[in-house]
Amino acid sequence: MNTLYLVRHAKTRATWGEATDPGLDATGVSQAERTADELQRRLAPLALYTSPLRRCVETAQPLASLWQTPAQLLPQVAEVPSPPLSTAERAQWLAAGMQGTWRSCKPTRRRLAELFKVARDIAAYVAHSAERCRDLFALHCDQCGGWRSARSRPCD
């Protein structure tokens with residue numbers, strides 16, 4: 001049985017409207033360390049993959065250290081392709097894009113095709129594996145600090 005574990009990056013020290021590639025703030029560092037500790041407790045070392053963005057690399061780093069394995073960078077999942085804009089203009093562009101469609105963002109066709117291929121590959125892998133491992137996915141609750149099955153209700 002194949003299992004894919006996805007971990008979203010921890011809390012950043014700036015929003016995408018304030019910085020193009022922010023790292024983690026103190027809370028984010030703590031979140032990354034707690035997540036790494038929990039994953040080490042639950043899993044044997046596995047291959048690690050991360051976006052090359054600072055927030056993602058810094059989130060993966062504690063687990064990479066614990067497992068003594070480097071996190072491999074996947075540039076294909078780096079970021080929404082955006083035109084060259086100032087930080088303030090990029091914030092407006094992204095806010096508008098989040099409300100619309102990919103076409104409204106006007107990314108390059110080649111970059112969009114690359115992103116869709118990566119998304120299709122990941123979706124195919126997840127679809128293939130999901131039936132066998134649906135109950136194995138665990139979600140970390142920032143509210144209570146605990147872990148729960150992906151199928152269970154969130155804590156109150």
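The values are calculated or read from the model by the stated rules, or taken from the named source; none is laboratory data. Everything numeric here is computed off the predicted structure, so don't read it as measured data. Neighbour counts run over all protein chains shown; Cβ positions are idealised from the backbone, glycine included.
Residue-wise test of (1) touching a Ser or Thr at 6+ places or on another chain (Cβ under 9 Å); (2) modelled with pLDDT under 90; (3) under 20 Å from H9 (Cα atoms).
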site: S30; (1), (2), (3): no, no, yes
site: R42; (1), (2), (3): no, no, yes
site: R55; (1), (2), (3): yes, no, yes
site: E114; (1), (2), (3): no, yes, no
site: V118; (1), (2), (3): no, yes, yes
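In region 72-85, the residues that are surrounded by 13 or more Cβ atoms within 10 Å (Cβ to Cβ) and at pLDDT 75 or above form Cβ pairs under 8 Å with partners that are among the β-branched types (V, I, T) and assigned to a helix (DSSP H, G or I), at six or more places apart or across chains, as follows: L73/V57; L74/V118; Q76/V118; V77/V118. Please enumerate the residues belonging to region 17-62 that are hydrophobic (A, V, I, L, M, F, W, C) and crowded, with 19+ Cβ neighbours inside 10 Å. Matches in region 17-62: L24, A32, A36, L39, L53, C56, A60.
Considered as a group, the residues in region 1-41 that are outside any loop (DSSP other than H, G, I, E, B) and of a type in the set (K, R) include one that is nearest to P52 (Cα to Cα), and that residue is R34. Scanning region 26-54 for residues that are under 16 Å from the mean Cα position of the chain (by Cα) and acidic (D, E) yields one hit, E33. Here is the figure for region 8-49: residues that are within 27 Å of Q92 (Cα to Cα) and β-branched (V, I, T) total 4.
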